[in-house]
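What follows is a single structure, written as structure tokens, with notes after it.
The values are calculated or read from the model by the stated rules, or taken from the named source; none is laboratory data. Owing to the predicted nature of the structure, the values given are computational and were not obtained by experimental measurement. Quick reminder, even Gly has a Cβ in these numbers, built from the backbone with ideal geometry, and neighbours come from all protein chains shown.
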Amino acid sequence: MKLFKSNILLFLGMFLLMGAHSHAQEETEGVEFTMNLSKEELGINERLRVDFTMNKDGDNFKPPQFEGFNVVMGPSQSISSSWINGKRSFSKTYTYILVPTARGSFTINQATIEIDGQTYKTTPQKVDVTAAVDKPNSQKTVDDVADENLHLVAEVSKGNPYLNEAVTVIYKLYVSPNISVTNYRPLDNPTYNNFWSQDIPVTKHTAQNGTYQGKPYRYVVLKRVVLYPQKSGQLDIEPLSLEIFVDVPTNRRDFFGGRIYTSTSKTVSAGNRTINVKALPENGKPAGFGGAVGDFDFSVTTSKAQLNASESLQAKVEVSGKGNLKLFQLPEPELPSSLEVYDPEYEESINTYSSGMEGKVSNNYTIVPSFRGKYPIPSISFSFFNPDTGKYQTISSEEINIEVVEGPTNNSGTVAGPSSNKQLVVPTGDQFHFININPSLSAIDEERFFGSNLFFILLLAPLLLIPIAIFTFKKREAIASDVVGNKIKRANRLARKYLSTAKKVLGNKEAFYVALEKGLHNYLKAKLHIETSEFSKDKIMGILSDKNVSNSDIQGFISLLTSCEMARYSPFSNVQMQQDYEKASEVISNLDKQL
């Protein structure tokens, strides 16, 4: 009997030891750490999802290098835990979204993690990347959709211009019809080093239809700038960077069947652009070339051909046309030394368009002869480079003769010749007028003012205005003290204002119903003396019922508010909007009679 009991105890001990060993072995052998791929073969334009899943929580997770791929999202982490029939189920997953960088066969190497002091590794898996497919089926995030449907492009008019030739850069934001842009803000504006730049304001951002990489897009011109390169060689145009706020449609729908949109923001950049600026040719360059590049006309004119000594005339040297009008010097005339010449007044009339600067610039010289005689103004030459023909052109003015018919004779024997002596400019116009020494003056009327009718009217007028001012002051004081009445008047005016606004925007669903709802609210605010924060359908129904308003008018008012709310989610026709406007006028009229 004792032997039998000792055998039972020995058997139970061995059973318990085997159970404990089995439980420990299950804990060790039950750990799972796996790598799952969304597909083993994908196109170069598709995305690969990689999940690293474990059935027990661990530490020090280390992903592989993902050679041949770029990580566009991740790691994102998800955990699930549940109890089923008294048994705990646990799962933890690290997820990455990858895009391939080239075609070929790639290996997703091992990932590692530490669980209960032991290191576990996943099994490497191969992925084949093929040519692009027509319909990529990888699941895309909101950011993925925004990236694929939003592009900022800098369009450069010329990639190989001449020095000082106009180059136009137009920044266009291309947006796919699949998303909508709500706003944007600049992050980094280019400085345009080595360029003379002129912004062309974009007054209105109007969406236009276009194509981007062969696909239909809408685009908006955000910025225009005209650049004139100031040095030859390769010049970089710095990128424009913007933060764009967009609404992206999801696969979910609201209660009324409308698609639900998710808002996100993306940073887009136009990228660096490099242009190769050609130096102006040395072959054929005129000696007096001053850096003008474009297509110009040149003229020299004078305001008079004959005058007397000590009178003045104006000589104008003018260049007009299209080109770098602000970036060169005008040629100077060579005038005889016996003429008194003042420093020129510079004038410009220039407009900057997408093609460059157009207009005219001129120097106006004031000339005053001191002696009688004939004075020639020699021909002046103006040279410019025409980038359309790739050649220099020179225009010469005709010689101009000025004759001074009256005045003293120059007895110094000095020969009239060119001179560079000039005096400080004096404002031109009327500085050479003579003083009138024979003024026409008339005697002052000696009729007496004191004691006249006008004298007594002006004397008594302030006394008559005193009672009128007192009455007006008391009336305004009474109106100002009526606080409630003033609030009602303001609310009535506001209600009429919003109803009239709703009438003006008939056909524009959102604007119409916003204006209509505000008009209804302000009408009640005026009539019932309740604040906007107190508005609710139950509150309105209760107050109108207390005022003995008919049930049909109450329901009509509530149905209008419901239409305003429904308009945010459902399409409304122009006919429905017209009916709602007429109904609002009728309901307000009926409430007016009962309130």
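Would you say A287 is outside the structural domain of S197 (by TED's automatic domain parsing), at pLDDT below 95 and hydrophobic (A, V, I, L, M, F, W, C)?
yes
Before we move on, is S379 surrounded by fewer than 17 Cβ atoms within 10 Å (Cβ to Cβ), under 30 Å from I170 (Cα atoms) and polar (S, T, N, Q)?
no
Name the pairs: first residue in segment 186-208 and among the polar types (S, T, N, Q), second residue modelled with pLDDT of 90 or more, Cβ to Cβ under 6 Å, at least 6 apart or on different chains?
The qualifying pairs are N194/Q230; N194/K231; N194/L235; S197/V225; S197/L227; Q198/V226; Q198/T352; Q208/Y219.
I'm checking my understanding of the structure. Among residues of segment 156-180 that are among the aliphatic types (A, V, I, L, M) and surrounded by 17 or more Cβ atoms within 10 Å (Cβ to Cβ), which one is modelled with the lowest pLDDT?
Per the criteria, the residue is I179.
Scanning for something in contact (Cβ under 8 Å) with a residue 60 or more places away in the chain, loosely packed, with under 13 Cβ neighbours inside 10 Å and not assigned by TED's automatic domain parsing to the domain that holds I377, does segment 300-310 turn up at least one residue?
No: segment 300-310 contains no residue that is in contact (Cβ under 8 Å) with a residue 60 or more places away in the chain, loosely packed, with under 13 Cβ neighbours inside 10 Å and not assigned by TED's automatic domain parsing to the domain that holds I377.
Looking only at residues in segment 130-147 that are in a loop (DSSP other than H, G, I, E, B) and out of contact with any Gly (no Cβ under 8 Å at 6 or more places or on another chain), which one is modelled with the lowest pLDDT?
S138
Identify the single condition in (1) at pLDDT below 75; (2) in a helix (DSSP H, G or I) that S570 does not satisfy, given that it satisfies every other one.
Against the list (1) at pLDDT below 75; (2) in a helix (DSSP H, G or I), S570 comes up short only on (2).
Scan segment 482-507 for residues that are part of a helix (DSSP H, G or I) and either outside the structural domain of A584 (by TED's automatic domain parsing) or modelled with pLDDT under 65 (or both) and report the count.
Result for segment 482-507: 16.
Every residue, every condition in (1) among the charged types (D, E, K, R); (2) closer than 24 Å to K158 by Cβ, yes or no:
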site	(1), (2)
S176	no, no
V181	no, no
T203	no, no
Q213	no, yes
K223	yes, yes
S241	no, yes
T262	no, no
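What are the residues in segment 390-408 that are surrounded by 14 or more Cβ atoms within 10 Å (Cβ to Cβ) and part of a loop (DSSP other than H, G, I, E, B), if any?
Those that are surrounded by 14 or more Cβ atoms within 10 Å (Cβ to Cβ) and part of a loop (DSSP other than H, G, I, E, B): S397, G407.
With respect to L280, determine if the residue is at negative phi and in a loop (DSSP other than H, G, I, E, B).
Yes; evaluated as a whole, the condition is true for this residue.
Can you find, within segment 184-227, the residue that is farthest from K326 (Cα to Cα) among those that are of a type in the set (V, I, T) and not in a strand (DSSP E or B)?
T206
Pairs needed: first member in segment 460-479, in a helix (DSSP H, G or I); second member anywhere, loosely packed, with under 10 Cβ neighbours inside 10 Å; C-beta distance under 8 Å; at least 6 residues apart or different chains.
Taking only residues 6 or more apart or on different chains, not a single pair turns up.
Looking at R259, is it surrounded by 16 or more Cβ atoms within 10 Å (Cβ to Cβ) and of a type in the set (K, R)?
So R259 fails the test.
The conditions are (1) assigned to a loop (DSSP other than H, G, I, E, B); (2) on the phi > 0 side of the Ramachandran plot, and G294 fails exactly one of them. Which is it?
The single condition G294 does not satisfy is (1).
Restricting to segment 25-49, give me the number of residues that are under 16 Å from S105 (Cβ atoms) and either more than 40 Å from the chain's Cα centre (by Cα) or aliphatic (A, V, I, L, M) (or both).
Residues in segment 25-49 being under 16 Å from S105 (Cβ atoms) and either more than 40 Å from the chain's Cα centre (by Cα) or aliphatic (A, V, I, L, M) (or both): 7 in total.
Name the single residue that is surrounded by the fewest Cβ atoms within 10 Å (Cβ to Cβ) among those in segment 95-127 being more than 17 Å from P75 (Cβ to Cβ) and among the hydrophobic types (A, V, I, L, M, F, W, C).
Result: A102.
Name the single residue that is nearest to A502 (Cα to Cα) among those in segment 539-560 being polar (S, T, N, Q) and outside any helix (DSSP H, G or I).
Looking at residues that are polar (S, T, N, Q) and outside any helix (DSSP H, G or I), I get S550.
For A287, only one of the following conditions fails: (1) without any contact (Cβ under 8 Å) to a residue 24 or more places away in the chain; (2) among the aliphatic types (A, V, I, L, M); (3) closer than 21 Å to I170 by Cα. What is its number?
Only one criterion in (1) without any contact (Cβ under 8 Å) to a residue 24 or more places away in the chain; (2) among the aliphatic types (A, V, I, L, M); (3) closer than 21 Å to I170 by Cα is unmet by A287, namely (3).
So which pairs qualify, if the first residue must be in segment 543-556 and without any contact (Cβ under 8 Å) to a residue 12 or more places away in the chain, the second must be surrounded by 10 or more Cβ atoms within 10 Å (Cβ to Cβ) and assigned to a helix (DSSP H, G or I), the Cβ gap must be under 7 Å, and the two must be at least 6 apart or on different chains?
If the second residue must be surrounded by 10 or more Cβ atoms within 10 Å (Cβ to Cβ) and assigned to a helix (DSSP H, G or I), the pairs left are S545/I554.
Is it the case, given these coordinates, that I260 is assigned by TED's automatic domain parsing to the domain that holds Y219 and either within 30 Å of N164 (Cβ to Cβ) or touching a residue at least 24 places away in the same chain (Cβ under 8 Å) (or both)?
No; evaluated as a whole, the condition is false for this residue.
If you go through segment 128-137 one residue at a time, do you hit one that is buried (at least 16 other Cβ atoms within 10 Å of the Cβ) and not charged (D, E, K, R)?
Yes: one or more hits.
Being part of a strand (DSSP E or B), over 30 Å from E155 (Cβ atoms) and of a type in the set (A, V, I, L, M, F, W, C) is the filter here; which residues of segment 248-260 pass it?
I260
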